[in-house]
Amino acid sequence: MGKRTLARQVARAVVCRCADREAAPCGVCPACIRSAAGSHPDIRAITGSGASNSISAESVEQVISDAYKRPEEADARVYLFFIENGISDAAQNKLLKLIEEPPPGVIFIFTAPSADLLLPTIRSRVQTFAVHAPSEREAAAYVAQKTGVSEQEALALAALHRGNIGRMLSDGENGRAAKAAQLAQDVALALCEGTEHDLLAASAPLIKDKPLFSETAERIGLLFRDACMLKNNVQAVSAATADVAQRLSRRLSLRQLMDLCALTAQYAGYVKRNANMALLVTAFCAKMRETAGR
């Protein structure tokens, strides 16, 4: 949805040395050139690490020791916290005092898929902005203008990636996106309408391709989520997957679908722990059937 892009753009505007602040970031001054290259000394990005890929207390301690130094070039120093898979409570508690009484010339920007990943004490001390995804048609129009692809191709990409512009622009790596989308639908339908053999057969291509497993698991989770939405009479689902979501919503209960959403996210995380893929895929299929009451 562009959370990181927006955060980086704000950071670039802060360090831009253009005389006209209304034009910041100008994109042509030395500061803008360095920040675009990711080498500006007054912009720091903090990301997750380790098996959980969450931001640790150690990372926050480094920020605390660094934040009281004067900016090297700009008028302010910017810390970008990219929270994709959480930030520990210990890390947030260490950060609390710093953002409550920040040193002069320090700006903190947090990006997260949900504000609930931050403690209430942190949320009460920041300004919160919700970033909404564009519609598939809006995303297609932007990508068509940006890349020169046809309107029809851009619309197909938008449906495939649910309007995620970043993925639309980078699409094409081994055709993985289209393959994952088809596999996700095959696995979901085998789960709710097929046999155990059908499910194992549908998921077999995932055994030898970890990135494909991650992409497919994410898309399976989205199908379960769409089916949950249909159960609650919310029709805002992708046209490309509406039929599969409808079939899932008819055959599975709301509780089963919600549990399957959580299960899918759990198994997608196991890939990062260097799990044995044959065992992982087999266990994933078994747990999905168990959760679906099959």
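Derivation of every value follows stated rules applied to the coordinates shown; laboratory data play no part. What you are looking at is a predicted structure, and each value in this text was computed from that prediction instead of being measured. Virtual Cβ from ideal backbone geometry, glycine too; neighbours counted across all protein chains shown.
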Self-check item: Relative contact order computed over region 110-196 (Cα-Cα under 8 Å; 6+ residues apart), in percent
Solution: 20
Practice problem: Could you work out the relative contact order of the chain, using alpha carbon pairs under 8 angstrom and six or more residues apart, expressed as a whole percent? | Solution: 13
Practice problem: Would you calculate a helix-derived [θ] at 222 nm for the chain, using -39,500 (n - 2.57) for each DSSP H run of n ≥ 4 and dividing by the full residue count, to the nearest 500? | Solution: -17500 deg cm²/dmol
Practice problem: Estimate the FRET efficiency between residue 100 and residue 195 by the formula 1/(1 + (r/R0)^6), using the beta-carbon distance for r and 41 Å for R0, to the nearest 0.05. | Solution: 0.10
Practice problem: Please label the shape of region 140-195 as rounded, prolate or oblate, based on the square roots a ≥ b ≥ c of the eigenvalues of the alpha-carbon gyration tensor (a/c under 1.5 means rounded; beyond that, a/b larger than b/c means prolate, else oblate). | Solution: prolate
Quiz item: Using a Gaussian network model of the chain with C-alpha springs under 10 Å, which one of 95, 222, 160 is most mobile by mean-square fluctuation?
Solution: 95
Practice problem: Write out the GluC sites (Glu not before Pro) in region 58-119 meeting two conditions: DSSP loop, and at most 14 other Cβ atoms within 10 Å of their Cβ. | Solution: 72, 73
Self-check item: Centre separation in Å (Cα based) which lies between region 242-286 and region 10-39
Solution: 44
Quiz item: Pairs 210/287; 146/272; 94/287: which are spaced more than 28 Å apart, C-alpha to C-alpha?
Solution: 146/272; 94/287
Quiz item: Based on DSSP, what percent of beta bridges with both residues in the chain are antiparallel, to the nearest 5?
Solution: 10
Practice problem: Once you have a ≥ b ≥ c as the square roots of the Cα gyration tensor eigenvalues for region 191-240, tell me rounded if a/c is under 1.5, and otherwise prolate or oblate according to whether a/b is larger than b/c. | Solution: oblate
Quiz item: Given labels modelled 7 Å from the Cα in the Cβ direction, how far is it in nm from residue 233 to residue 19?
Solution: 6.2
Quiz item: Over its Cα atoms, what ratio of radius of gyration to 2.2 N^0.38 Å does region 1-159 give?
Solution: 1.18
Quiz item: Given the C-alpha centroids of region 69-114 and region 141-219, what is the distance between them in whole angstrom?
Solution: 35
Practice problem: Rank by packing, highest mean first: peptides 147-156, 189-198, 128-137, with packing defined as the count of other Cβ atoms within 10 Å averaged across residues. | Solution: 189-198, 147-156, 128-137
Self-check item: Size of electric dipole in region 224-278: Cβ of Lys, Arg +1 and of Asp, Glu -1, about Cα centre, debye, nearest 20
Solution: 120
Quiz item: Which of the chymotrypsin sites (Phe, Trp or Tyr not before Pro) across region 194-294 are loop residues per DSSP, with 12 or fewer other Cβ within 10 Å?
Solution: none
